[in-house]
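The block underneath contains the structure these notes are about, expressed in structure tokens.
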Amino acid sequence: MKDLNQLTVTEFLQELASENPVPGGGSTAALAGALAAALTAMVARLTVGKEKFKDRWETLEAIEKRAAQEIPRFQSLVQRDTEAYQAVVDAFRRPKETEEEKRARSAAIQEAFKEAARVPLETLLALERLVGDALEAVRSGNPNASSDAGAAVQMIQAGATVAAYNVWINLGSIKDEAFGAAAREKTDAALATIRDAAARCHDLLAKELL
């Protein structure tokens, strides 16, 4: 399987537009997270060192450090999401001639679907961790880059929505009700936090920019 993080932007888009089912929405959700983290770090760096924002340096330095650390995490999730879906495809291709093979295939399918739900949930939870810093960058960052900070928040919301869709679609194939209930609870909570932050961001920027 190709390392998606080693592709150029053009090559990645070509892969995304191909007839292959991967990469798909889950990988793009993680990519949205990487872009949002990079934007958040950029706004922080455009603020720290400017004398007129000196009272904000400490806050923005911490934000920059955390955001920069999230970029490789999201990059890993771009690849892992594609690998997780491929594992589902491979599980369905397992032999099913004997009863033992059928049982093994069924177990492999269930585990593959669980991992295919875990990965976008991990993306969603990483986005939830990031959104507070992105929103603070809107509030406290260099106002000349406030639209970039706002872009980070809205990319987080888009990525979170897509990640949630990917959690839900895989949960539909999982028989473990406890697993499903726990995943849905975490998904709903993270989405609520992110949507609230995105609404606050929009209100702030509508007042500032219009």
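Of the listed requirements (1) of a type outside the set (Ser, Thr, Tyr); (2) in contact (Cβ under 8 Å) with a residue 40 or more places away in the chain; (3) surrounded by fewer than 17 Cβ atoms within 10 Å (Cβ to Cβ), residue 17 misses just one: (2).
A count restricted to region 62-111 and to residues that are farther than 25 Å from residue 1 by Cβ and surrounded by 15 or more Cβ atoms within 10 Å (Cβ to Cβ) stands at 5. Just a yes or no: is a residue in region 94-102 part of a helix (DSSP H, G or I), modelled with pLDDT of 95 or more and within 24 Å of residue 181 (Cα to Cα)? No.
Residues to consider are 31, 4; find the one that is surrounded by 17 or more Cβ atoms within 10 Å (Cβ to Cβ) and either in contact with an Asp or Glu (Cβ under 8 Å, 6 or more places away or on another chain) or acidic (Asp, Glu) (or both). It would help to see each step written out before you state the result.
Numbers: 31 fails: either in contact with an Asp or Glu (Cβ under 8 Å, 6 or more places away or on another chain) or acidic (Asp, Glu) (or both).
From the options 31, 4, the qualifying one is 4.
Of the residues 114, 186, the single one that is surrounded by fewer than 18 Cβ atoms within 10 Å (Cβ to Cβ) and among the basic types (Lys, Arg) is 186. When residue 178 is tested against (1) surrounded by 14 or more Cβ atoms within 10 Å (Cβ to Cβ); (2) farther than 23 Å from residue 67 by Cβ, only condition (1) is not met.
If I filter region 46-61 down to residues being part of a helix (DSSP H, G or I) and free of Cβ contacts under 8 Å to residues at least 60 places away in the same chain, which single residue comes out as nearest to residue 15 (Cα to Cα)? Even if it seems obvious, please write down each step before you answer.
Of region 46-61, the ones part of a helix (DSSP H, G or I) are 46-47, 51-61.
Narrowing further to those that are free of Cβ contacts under 8 Å to residues at least 60 places away in the same chain: 51-52, 54-55, 57-58, 61.
Working: 51: 45, 52: 45, 54: 45, 55: 45, 57: 41, 58: 41, 61: 36 Å.
Looking at the filtered set, the residue picked out is 61.
Can you find even one residue in region 149-172 that is among the β-branched types (Val, Ile, Thr), crowded, with 16+ Cβ neighbours inside 10 Å and over 19 Å from the mean Cα position of the chain (by Cα)? No; the residues of region 149-172 include none that is among the β-branched types (Val, Ile, Thr), crowded, with 16+ Cβ neighbours inside 10 Å and over 19 Å from the mean Cα position of the chain (by Cα). Within this structure, residue 110 passes the test of being farther than 30 Å from residue 138 by Cα, in a helix (DSSP H, G or I), touching a residue at least 24 places away in the same chain (Cβ under 8 Å) and of a type in the set (S, T, N, Q).
Okay, residues lined up against (1) out of contact with any Phe, Trp or Tyr (no Cβ under 8 Å at 6 or more places or on another chain); (2) more than 22 Å from residue 170 (Cβ to Cβ); (3) β-branched (Val, Ile, Thr):
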{"site": "37", "(1), (2), (3)": "no, yes, no"}
{"site": "59", "(1), (2), (3)": "yes, yes, yes"}
{"site": "67", "(1), (2), (3)": "yes, yes, no"}
{"site": "78", "(1), (2), (3)": "yes, no, yes"}
{"site": "81", "(1), (2), (3)": "yes, no, no"}
{"site": "87", "(1), (2), (3)": "yes, no, no"}
{"site": "100", "(1), (2), (3)": "yes, yes, no"}
{"site": "106", "(1), (2), (3)": "yes, no, no"}
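Does residue 43 count as free of Cβ contacts under 8 Å to residues at least 24 places away in the same chain and either surrounded by fewer than 19 Cβ atoms within 10 Å (Cβ to Cβ) or more than 10 Å from the chain's Cα centre (by Cα) (or both)? The answer is no for residue 43.
The values are calculated or read from the model by the stated rules, or taken from the named source; none is laboratory data. In this text the structure is predicted, and so the values were computed from the model without any measurement. Don't worry about glycine lacking a Cβ; one is built from the backbone with ideal geometry, like all the others, and counts go over all protein chains shown.
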